[in-house]
Amino acid sequence: MTILRCPSALGRLVSFYAAKPLPSRRGLASLKAARSLFAPLDTFSERHIGPDDAETSKMLSQIGYESMDEFVAATVPPKIRIATNSVDNTSIPSYSESQLHGRAKELAGQNKPFKSYIGMGYHCAVVPPVILRNIMENPAWYTPYTPYQPEIAQGRLESLVNYQTMVMSLTSMDIANASLLDEATAAAEGMVMAFVSARNKKAFVVDSGVLPQTIAVLRTRAKGFGINVVVGDAVALLEDKTVRSDVCGVLVQYPDVDGNVKDFHALAETTHSLGGLVVCGTDLLALTKILPPGEWGADIVVGNSARFGVPAGYGGPHAGFFAVTDKLKRKMPGRLIGRSRDAQGNPAYRLSLQTREQHIRREKATSNICTSQALLANMAAMYAVYHGADGLQRIATKVHKFTQVFKTAVESMGYKAINNTFFDTVSLDVSTIGTSDALHAKSAAAGINLRHIDEKHVGVSLDESVSPDDLVALLNVFASAASAQPVSLASLAEPSAASIPPTLQRTSKYLPHPVFNKHHSETEILRYIHHLASKDLSLVHSMIPLGSCTMKLNSTSSMIPLTWPEFSAVHPFAPYDQVKGYHTVIKELEDDLCKITGFHSASLQPNSGAAGEYAGLCVIRAYHESRGQGHRDICLIPLSAHGTNPASAAMAGLKVVAVKVHNDGNLDLEDLRSKAEKHKDNLAAFMITYPSTFGVFESGVQDACQIIHDNGGQVYLDGANLNAQIGLTNPATCGGDVCHMNLHKTFAIPHGGGGPGVGPICVAEHLAPFLPTHPSIPVQGAQAINAVSAAPFGSASINLISWAYIKMLGGNGLAESSKIALLNANYMASRLQGHYNLRYKNENGRVAHELLIDLAEFDKAAGLKVTDFAKRLQDFGFHPPTCSWPIQTCMLIEPTESETVEELDRFCDAMITIRQEAEDIITGKQPKENNLLKNAPHPMSIIASSEWNRPYTREQAAYPLPWLRETKFWPTVSRIDDAYGDLNLICDCPTVEEMANGT
């Protein structure tokens, strides 16, 4: 054997390490001796929780405690504490990572992998492997936060602009947002826009061809606004004098649920003549073939973009799209990405028109949207980038022609198509052959699902995933039921003409932008994906200490089952006997959430935190109505509540009355009592966030809840901060009747760069009958509220992540996680105290799981704003904390339990260094306008520029602390001009001409 000796290289290596201090040896967090030789070693809590036992002891000592129990007793009010065995490994047993993997495989095997032709807005998408592996399964894409700090988010902002451009181009609309939760809730947003635009008109006409799940969500949403949803033939309804005089808008489906492609030119003209808006639900792939809604008069266009490379996932998550005409752009809900410029005049992307958002408009908002479906929107956008216009046209042509072949073949067997115009869906009258039940039995025996319409009719929808063999198998189900000769591929002929009326065939071009015509090889798309990811700061780089956002570890082990086909390829309306594995996951997750919250029942249908708030308030309203007290419409909300609360209350038809808080951050119980008694005859609800958004456990929470109950109201406890409670207290003990949880916060679903999220609600027993139902659910409760999302279990597939997270931590690990989250926050408060003003703490000097620091003194002394501190933090490789919320002059910092002491110290060192830099400005060592903070961030283009005329060195700008030389994340643009972006609103991709001109 030859031994290679490289003494010079070895010498350099030894010198390198000799010059650096050796790291101290770390143990695994909470590492305990194995129970026995046969106990698993891959326990999850040791990997999930950041600080090891030695670090935990160090932090406790620094803040003055000898034990964790002593610390928790000083932090969480004793009277709301729950028994230590309420959430432990007896109530929620723990799995090791390998055990969880085996259990997930077992449950996956209980889902039957039927081929679905159900349609109804959902398709079996083909996810290009390069997108699956490099976006959906890539933490650089799924762990970032919403791009409120655009200088460190240019990659996904560019991708979301691609998404907006894709939607605008295919729909031929003027502007599109960066996605909504799903098609049904997007349609509901469109309905409310029409209602608001028409002012005093309340009738909203819904064509009978609209998807049934959309109609159900519309009915729920309409109730809070007093909108009258009228369902039927839209053309006929608009001839009714009563409807005509009161119509605010019309919703049509194009193509409709049965597959028809109808001409809505005349309907649009009629609606506009009556002062109403036309909302159109449509399909992006179909729009490559059919006349786009923007060309026949639609004002608002909505739909589901999941067909572009996003798994069905038993209903989601999917990115709903929303596009409008130019005149409606400033009323459009949701996030909107626009082009602006940075301090050097370079093009840069940012969130535009944020004054429309619910946390600013509060109870004046008509939408509570606080998230998008960014990860799924980015997947759909990249699908369009990968395929381009020609690729999409090729896919659409194949789907359409396969559908034509299917229709021709089954008609030859004696079946009758009830729609002669279509893109991908045919509805059939099967009564000449037999019953639909008999046909469904035949299809089920062949592993195929068809759409059940009624006893005489079935529906069949084809998609990109249908292969020639699939088509033959489908046709032979119909042949067998009709006692016809089996079909072979050789017997099928390619159609010669489209089944779309000539006047409704698309002739306009789409997706001409360079980005959709460049990255069509896997090499090019792979490089483009990673190029964009390199511009974004995520959890792969550093902690993201956003208060009220709980940016914890999204473990790989809990993500793995998500993309298994047994879970990812399931249609949301598949028969229940085919999804036993999914229903076990759902039931176990609901049960565990009830154990954690102390409540009786749960619903996983709400697909965001704000949707959970809204659902919970609708449940409360339904409860009051069941008792003959539907007049109760007052909702008390303290100033310390979560930002979406007032908007959610307004959407549920409630009138918001604000409740004061004391200077120490605690709720003003006397003001609450006074207002509860004043409104006792009409008091519906009280919304409280606990711990409060000021970062403290309020000792009077039970007293506050009792005041509400004494005056006839119900308590909605916002669970955004549940990560501070598990195993220590719970919403039921605090006095709540209903709460929502953010599974994308407390229970480790990734934030995805701005979505997805899940906001399930848990309720006390008396509210359980009112939990939301869905048209696809076989047994419906008589008192249940209508659907709040398009799918019966919301974003069902990502519930797997929280199910796995809870199962792997077990009760003990969940409780330990909350304790460490509290400890990490208090350790940081201890380190930052003396450098910054800690705004709120309890009587023992403790904060909860987050801390609020007030920067007002720096504005007075040196003109430094919160934004200046935030942008300077980017130079240290950190995402800034939550800025200017819940108080304009503050930063809200939340470290979570996943971060080690080393990372906490790095962040604190950065903040202390910035404090010293601010002091230099206050004392006059640095000028007030041209300094490290005002000029931050400093991208490489500035540091490497040939000119340098700043009163500090390049090194001070780029490497203010030594460790940055090894682990530096560079912002790709300098500070972005927000005002310029809003005044010059550009929300699509650059054209060829613009790119040639460098604009």
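The values are calculated or read from the model by the stated rules, or taken from the named source; none is laboratory data. From a predicted model like this one, the values you see are computed outputs, not experimental measurements. Don't worry about glycine lacking a Cβ; one is built from the backbone with ideal geometry, like all the others, and counts go over all protein chains shown. Accessible surface is based on the protein model in full, side chains and every heavy atom, while ligands, DNA and RNA are left aside. Shrake-Rupley method; radii C 1.70, N 1.55, O 1.52, S 1.80 Å.
Within segment 759-844, none of the chymotrypsin sites (Phe, Trp or Tyr not before Pro) combine a DSSP coil assignment with at most 15 other C-beta atoms in a 10 angstrom radius.
At 1.4 Å probe size, with the rest of the protein present, what percent of the exposed accessible area of segment 388-504 is carbon and sulfur atoms? Can you show the working numbers first?
Numbers: 2660 of 5100 Å².
Of all accessible area on segment 388-504, carbon and sulfur atoms account for 52 percent.
Accessible surface for Thr432 stands near 100 Å², nearest 10, in the context of the full protein assembly shown (1.4 Å probe). The Rg/Rh ratio of segment 89-203, with Rg taken over Cα atoms and Rh as the Kirkwood radius over Cα pairs, comes to 1.08. All distinct Cα pairs of segment 643-773 go into the 1/r average, and the inverse of that average, the Kirkwood radius, is 15.6 Å. Between Trp963 and Thr90, the simple label model (points 7 Å from Cα in the Cβ direction) yields a spacing of 4.1 nm. Given q = 0.14 Å⁻¹, what are the Debye log10 I(q)/I(0) values for segment 823-983, with equal point scatterers placed on the Cα positions and solvent ignored? So the normalised log intensities are -0.73. Within the accessible surface of segment 823-983, defined with a 1.4 Å probe on protein heavy atoms only, the carbon and sulfur portion equals 47 percent.
When DSSP beta bridges are restricted to pairs lying wholly in the chain, around 50% turn out antiparallel. For the pair segment 829-871 / segment 495-555, the C-alpha centres are spaced 38 Å from each other. The largest accessible area among Ser67, Ser98 belongs to the first residue in Ser98, Ser67, and the rest follow in falling order (1.4 Å probe, all chains).
Sparse packing (at most 13 other Cβ atoms within 10 Å of the Cβ) combined with a DSSP loop state is found for the following trypsin sites (Lys or Arg not before Pro) in segment 835-926: Lys925. When you restrict to C-alpha pairs under 8 Å that are six or more residues apart and normalise by the size of segment 823-983, the relative contact order lands at 24 percent. Note down the Stokes-Einstein diffusion coefficient of segment 665-708 in µm²/s, whole number, using a Kirkwood radius over alpha carbon pairs, 10 °C, and 1.306 mPa s. So the translational diffusion coefficient is about 144 µm²/s. Relative contact order (percent) for the chain, with alpha-carbon contacts under 8 angstrom and 6 or more residues of separation? That works out to 19 percent.
Its convex hull of Cα atoms gives the chain a direction-averaged projected area, equal to a quarter of the hull surface, of 45.0 nm². Computed from label points 7 Å out along Cα-Cβ, the spacing between Val540 and Ile777 is 3.9 nm.
Among 699-709, 379-389, how do they line up from the highest to the lowest mean number of other beta-carbon atoms within 10 Å?
379-389, 699-709
Highest-first packing order for the peptide set 499-508, 808-817 is 808-817, 499-508, based on the mean count of other beta carbon atoms within 10 Å.
Hydrophobic long helices, here whole DSSP H runs in the chain with Kyte-Doolittle means of at least 0.0 and Cα atoms spread over 18 Å or more along the helix axis, are found at 154-171, 183-198, 374-412, 468-481, 609-626, 799-832.
Past 29 Å, Cα to Cα: identify those pairs from Lys518/Lys871; Lys871/Lys925; Lys535/Lys819; Lys202/Lys327; Lys79/Lys745, in the order given. Long pairs (Cα-Cα over 29 Å): Lys518/Lys871; Lys535/Lys819.
Sorting Asp283, Asp868, Asp69 by solvent-accessible area of protein heavy atoms yields Asp69, Asp283, Asp868, largest first, with a 1.4 Å probe.
Here segment 245-403 is treated as a sphere whose radius is the Kirkwood value from Cα pairs; by Stokes-Einstein at 37 °C and 0.692 mPa s it diffuses with a coefficient of 183 µm²/s.
Per residue, the convex hull around the alpha carbon atoms of segment 775-825 comes to 158 Å³.
The label-point distance for Asp681 and Arg199, in a model that sets each label 7 Å from Cα toward Cβ, rounds to 3.2 nm. For segment 252-319, the solvent-accessible area works out to 19 Å² per residue, with a probe of 1.4 Å and every protein chain left in place.
Remark on segment 784-866: hydrodynamic radius 16.7 angstrom, per the Kirkwood mean of 1/r across alpha carbon pairs. Once the Cα-Cα distance is subtracted from the 0.36 nm per residue extended length, the Glu857 to Glu295 segment shows a gain of 196.8 nm. Each peptide in 339-347, 142-150, 644-652, 551-559 gets a packing score, the mean of other Cβ atoms within 10 Å over its residues, and the list from highest to lowest is 644-652, 142-150, 551-559, 339-347. What the Cα convex hull of segment 388-504 gives, in volume per residue, is 110 Å³. Taking all protein chains into account, the per residue accessible area for segment 388-504 stands at 44 Å² (1.4 Å probe). A 1.4 Å probe run over segment 592-793, with the rest of the protein chains in place, finds 25 Å² accessible per residue.
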